[in-house]
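Asker: Would you mind keeping the following structure in view while I ask a few things?
The values are calculated or read from the model by the stated rules, or taken from the named source; none is laboratory data. The shown structure was predicted, so the numbers you read here are calculated from the model rather than taken from an experiment. Cβ atoms come from the backbone with ideal geometry, glycine included; neighbour counts cover every protein chain shown. We work out accessible area using only protein heavy atoms, side chains counted, and drop any ligands, DNA or RNA first. Shrake-Rupley method; radii C 1.70, N 1.55, O 1.52, S 1.80 Å.
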There are 2 protein chains.
Amino acid sequence: MDRILLSHGNGGKDTEIILQKFIFSKLPENLKKTDGGLGLNYLDDGAIINFDNGNKIVVSTDSHTIYPYFFPGGSIGKLAVSGTINDVVMMGGRPIAMLDSIVVAEGFPLDDLDKITNDMISILKEYNIALVSGDFKVIPSDSMKGIVINTVGIGVSKNPIIDKIREGDSVIVTGPIGVHGSVVAALQYGIDTKLESDVKPLIKLLEIFDKFSEDVHAARDPTRGGLAATLNEWAQLSGKMIVVEEKDIPIPEEVKSITEITGLDPLVLANEGIAVLSVSPDRAEEVTEELKKIGFEPRIIGKVIEPKNKDNRGLVIVRTEVGGSKILEMPSGDIVPRIC
Amino acid sequence: MDRILLSHGNGGKDTEIILQKFIFSKLPENLKKTDGGLGLNYLDDGAIINFDNGNKIVVSTDSHTIYPYFFPGGSIGKLAVSGTINDVVMMGGRPIAMLDSIVVAEGFPLDDLDKITNDMISILKEYNIALVSGDFKVIPSDSMKGIVINTVGIGVSKNPIIDKIREGDSVIVTGPIGVHGSVVAALQYGIDTKLESDVKPLIKLLEIFDKFSEDVHAARDPTRGGLAATLNEWAQLSGKMIVVEEKDIPIPEEVKSITEITGLDPLVLANEGIAVLSVSPDRAEEVTEELKKIGFEPRIIGKVIEPKNKDNRGLVIVRTEVGGSKILEMPSGDIVPRIC
């Protein structure tokens, strides 16, 4: 292994190995975060920076590449802006500003660039988020095809959400699973479907986080690597076990038909408009009721347990409809379809 | 013109036209900055975000692509981290945190990635800047070659520098001109040279900015588009005229020999380790003395004047050694060598 493989970009185990080797292991602990803040010492969607006077900001960055740039329900522009907004929101931050950096190949159609920036800016307008700075680079056509959009989100938060799932927590998904990944798979495999990507900003969730600030113990948007990656990260970070009920996971029929044709697992497919929450069990029903009121379709899919056997720490278990159970692994190898 | 051209990435007039058309013109004024802050309403290297309680942060982002990735004096890793540090410093911010996003082509040599991240992290260590979050993506080899590194810098500042050159100001460069661009040109043209890139963080300049906080009216690092781009931006933003003396511009002999062979203009070549300052004339000598004490090789190269004729607003004039004068234009067209 002396060259970068596609699988190194899967957002799962292989990416972690590369980052560990080439970045994390080289950084002293005190440079993984700012004083009083949270950074690479605790892997989440973004970082928290504390200022002397108590101000807290949430920052997140992501580089977005997707082919095709346009897909039913969105575009790389909508994806880039929504994805970074969501990373800020998942840490409890209210996004106030964004920075963007567009790297585009020579020869890229200006009409496409126009549509992409329209999509970016219409979301910023809808949610009243300022675009404060940016960069724009062109790469010769012999070195790159297409477009890469990097976005940086900056949010403010009095009480950031620092993912800490607890024993007994109910695990809630705020909507159907596997939709974005299925749409991209259908395009790449040439499958006919009426499905549209779920890509959208999840800013409305901040109402829930405010209202249940003591009871939402963790929140994440299960993008690259899907629900499987999010649940495995939580289980590994906490040393707890997560048990989910297969029958309670909301997988739309259209997603099922695409995954049946392609052999893909809906639980590793990317989602771009839902969140997974880990919530105090006695408030879980109330949280789902409130989520429904603001337009989500939440489901309680499982719970966090303290493993009796320490070998089971960090495991995610799916209880199947026929009464068996299987381990849900952290995604590894090539993620198909590539959706990053 | 229906496709992106290389010249659209020159960081000069052509880039501005693209950004104006596809981004700025679509954004309402109130979304070009945060409340009380500074953003796309005033083009500088980064943005300032004000918080309710008076905290100010400086943020900047840049996507870096350069071929070759390694060059005498540095690498794309050193360039990415230093460049973003410098953008924060040029706004008077003390960098405290960085985020990075690495997009790399499938097949990229891991040894090269190792050297690149070593370079990034050694600068973070030297200047005690935390790396708090990031992203890592792999693109198939049929869509991209090489590596793109996006960096985000976050700094704190009580008194950000908001570039406002004033009539009478002395214009100072903190070191020799055209070095980084010449090194890259020499590599691309196959010219033998002992020159090394000047790429380095300019954090020490914060001492000068603190000491002369009332008298440094503008500060910028003349990277893409070189000294010509910086001076033209200042002149256009202020409506003043800038007159520089050709004989006072410090151009090293090695740079001259490369620009003579290639026909490139040292004034449009990128610099990665110098700054241009616009300073009260009565403090300019003192500023240069202090700069020398901390290791810079400053030169006063010109001054800001109020044009008598309004047609001359925004012009940059070079007075030649033989007594003539010529307009120094904003760079346009393809910038050679590509250094972004």
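Asker: Taking the stretch B:123-138 as the search range and keeping residues that are more than 8 Å from chain A (Cβ to nearest Cβ) and either over 22 Å from the mean Cα position of the chain (by Cα) or not β-branched (Val, Ile, Thr) (or both), which one is nearest to residue B:46 (Cα to Cα)?
Answerer: B:127
Results for (1) over 30 Å from residue A:125 (Cα atoms); (2) touching a residue at least 12 places away in the same chain (Cβ under 8 Å); (3) in contact with an Asp or Glu (Cβ under 8 Å, 6 or more places away or on another chain); (4) not hydrophobic (A, V, I, L, M, F, W, C), shown as yes or no for each residue.
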| residue | (1), (2), (3), (4) |
| --- | --- |
| A:168 | yes, yes, no, yes |
| A:186 | yes, yes, yes, no |
| A:209 | no, yes, no, no |
| A:212 | no, yes, yes, no |
| A:222 | no, yes, no, yes |
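Asker: A follow-up question, please. Among residues belonging to the stretch B:128-140 that are of a type outside the set (A, V, I, L, M) and assigned to a loop (DSSP other than H, G, I, E, B), point out the one that is nearest to residue A:154 (Cα to Cα). It would help to see each step written out before you state the result.
Answerer: Our first condition is that a residue be of a type outside the set (A, V, I, L, M); within the stretch B:128-140, this holds for B:128, B:133-137, B:140.
The next check asks that each one be assigned to a loop (DSSP other than H, G, I, E, B); those that pass are B:128, B:140.
Details: B:128: 22, B:140: 30 Å.
Filtering the stretch B:128-140 for residues that are of a type outside the set (A, V, I, L, M) and assigned to a loop (DSSP other than H, G, I, E, B), the one nearest to residue A:154 (Cα to Cα) comes out as B:128.
Asker: I've got another one for you. Identify, please: which residue in the stretch A:255-281 is free of Cβ contacts under 8 Å to residues at least 12 places away in the same chain and charged (D, E, K, R) and is, among those, least open to solvent (accessible area, probe 1.4 Å)? Walk me through it before giving the result.
Answerer: Filtering the stretch A:255-281 for residues free of Cβ contacts under 8 Å to residues at least 12 places away in the same chain gives A:256, A:260, A:263.
Subset that is charged (D, E, K, R): A:256, A:260.
Numbers: A:256: 77, A:260: 141 Å².
Applying the filter and picking the extreme gives A:256.
Condition check ((1) in a strand (DSSP E or B); (2) modelled with pLDDT under 95) across all residues:
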| residue | (1), (2) |
| --- | --- |
| A:254 | no, no |
| A:274 | no, no |
| A:277 | yes, no |
| A:286 | no, no |
| A:290 | no, no |
| A:296 | no, no |
| A:300 | yes, no |
| A:311 | no, yes |
| A:337 | no, yes |
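Asker: While we're on this one: Being open to solvent by less than 10 Å² (accessible area, probe 1.4 Å), out of contact with any helix residue (DSSP H, G or I) (no Cβ under 6 Å at 6 or more places or on another chain), at pLDDT 95 or above and not in a helix (DSSP H, G or I) is the requirement here; does residue B:244 meet it?
Answerer: yes
Asker: Which condition number in (1) within 11 Å of chain B (Cβ to nearest Cβ); (2) crowded, with 24+ Cβ neighbours inside 10 Å; (3) of a type in the set (Val, Ile, Thr) is the one that residue A:85 fails?
Answerer: (1)
Asker: On to the next question. Would you mention how many residues in the stretch B:314-331 are closer than 9 Å to residue B:242 by Cα and part of a loop (DSSP other than H, G, I, E, B)? Give the steps one after another, and end with the answer.
Answerer: In the first step, residues of the stretch B:314-331 are kept if they are closer than 9 Å to residue B:242 by Cα; the result is B:314-318.
Now drop any that are not part of a loop (DSSP other than H, G, I, E, B), which leaves B:314-315.
Number satisfying all stated conditions: 2.
Asker: Taking the stretch B:8-20 as the search range and keeping residues that are more than 8 Å from chain A (Cβ to nearest Cβ) and assigned to a helix (DSSP H, G or I), which one is surrounded by the most Cβ atoms within 10 Å (Cβ to Cβ)?
Answerer: By that ranking, first place goes to B:14.
Asker: Step by step: first the residues of the stretch A:295-336, then only those that are surrounded by fewer than 16 Cβ atoms within 10 Å (Cβ to Cβ) and of a type in the set (Gly, Ala, Ser), then the one that is nearest to residue A:285 (Cα to Cα). Which residue is that?
Answerer: Looking at the filtered set, the residue picked out is A:295.
Asker: Test residue A:101 against the criterion of being hydroxyl-bearing (Ser, Thr, Tyr) and either within 22 Å of residue B:4 (Cβ to Cβ) or surrounded by fewer than 24 Cβ atoms within 10 Å (Cβ to Cβ) (or both), and give yes or no.
Answerer: yes
Asker: Ok, one more. What do you reckon, is residue A:129 at pLDDT 95 or above and crowded, with 24+ Cβ neighbours inside 10 Å?
Answerer: For residue A:129, the condition - at pLDDT 95 or above and crowded, with 24+ Cβ neighbours inside 10 Å - is met.
Asker: Still on this structure, please answer the following. So the check is Cβ under 6 Å with 6+ separation or different chains; which pairs have a first residue in the stretch A:107-122 that's touching a residue at least 24 places away in the same chain (Cβ under 8 Å) and at the interface with another protein chain (Cβ under 7 Å from one of its Cβ atoms) and a second one that's charged (D, E, K, R) and open to solvent by 30 Å² or more (accessible area, probe 1.4 Å)?
Answerer: Here the result reads A:107/B:3, each pair linking the stretch A:107-122 to a residue that is charged (D, E, K, R) and open to solvent by 30 Å² or more (accessible area, probe 1.4 Å).
Asker: Could you identify the single residue in A:235, A:228, A:284 that is within 30 Å of residue A:76 (Cα to Cα) and either in contact with an Asp or Glu (Cβ under 9 Å, 6 or more places away or on another chain) or touching a residue at least 40 places away in the same chain (Cβ under 8 Å) (or both)?
Answerer: None of the others qualify; the one that does is A:228.
Asker: Ok, one more. Out of all the residues in the stretch A:34-47, which are within 17 Å of residue A:87 (Cβ to Cβ) and either open to solvent by 60 Å² or more (accessible area, probe 1.4 Å) or of a type outside the set (Phe, Trp, Tyr) (or both)?
Answerer: Taking the stretch A:34-47 as the starting set, the residues that turn out to be within 17 Å of residue A:87 (Cβ to Cβ) are A:37-40, A:42-47.
Hits for the stretch A:34-47 are A:37, A:38, A:39, A:40, A:43, A:44, A:45, A:46, A:47.
Asker: Hey, can you tell me all the residues within the stretch B:40-56 that are farther than 30 Å from residue A:140 by Cβ, at the interface with chain A (Cβ under 7 Å from one of its Cβ atoms) and among the hydrophobic types (A, V, I, L, M, F, W, C)?
Answerer: Of the residues in the stretch B:40-56, the ones farther than 30 Å from residue A:140 by Cβ are B:41-42, B:48-56.
Keeping just the survivors that are at the interface with chain A (Cβ under 7 Å from one of its Cβ atoms) gives B:49, B:51, B:53, B:55.
Matches in the stretch B:40-56: B:49, B:51.
Asker: Among (1) surrounded by 23 or more Cβ atoms within 10 Å (Cβ to Cβ); (2) more than 7 Å from chain B (Cβ to nearest Cβ); (3) out of contact with any Lys or Arg (no Cβ under 7 Å at 6 or more places or on another chain), which single condition is residue A:154 missing?
Answerer: Of (1) surrounded by 23 or more Cβ atoms within 10 Å (Cβ to Cβ); (2) more than 7 Å from chain B (Cβ to nearest Cβ); (3) out of contact with any Lys or Arg (no Cβ under 7 Å at 6 or more places or on another chain), only one is false for residue A:154: (2).
Asker: Here's a follow-up. Quickly run through the stretch A:57-82 and pick out the residues that are more than 9 Å from chain B (Cβ to nearest Cβ) and assigned to a loop (DSSP other than H, G, I, E, B). Steps first, please.
Answerer: At the first step, the residues of the stretch A:57-82 found to be more than 9 Å from chain B (Cβ to nearest Cβ) are A:58, A:66, A:68-82.
Correct list: A:66, A:68, A:69, A:72, A:73.
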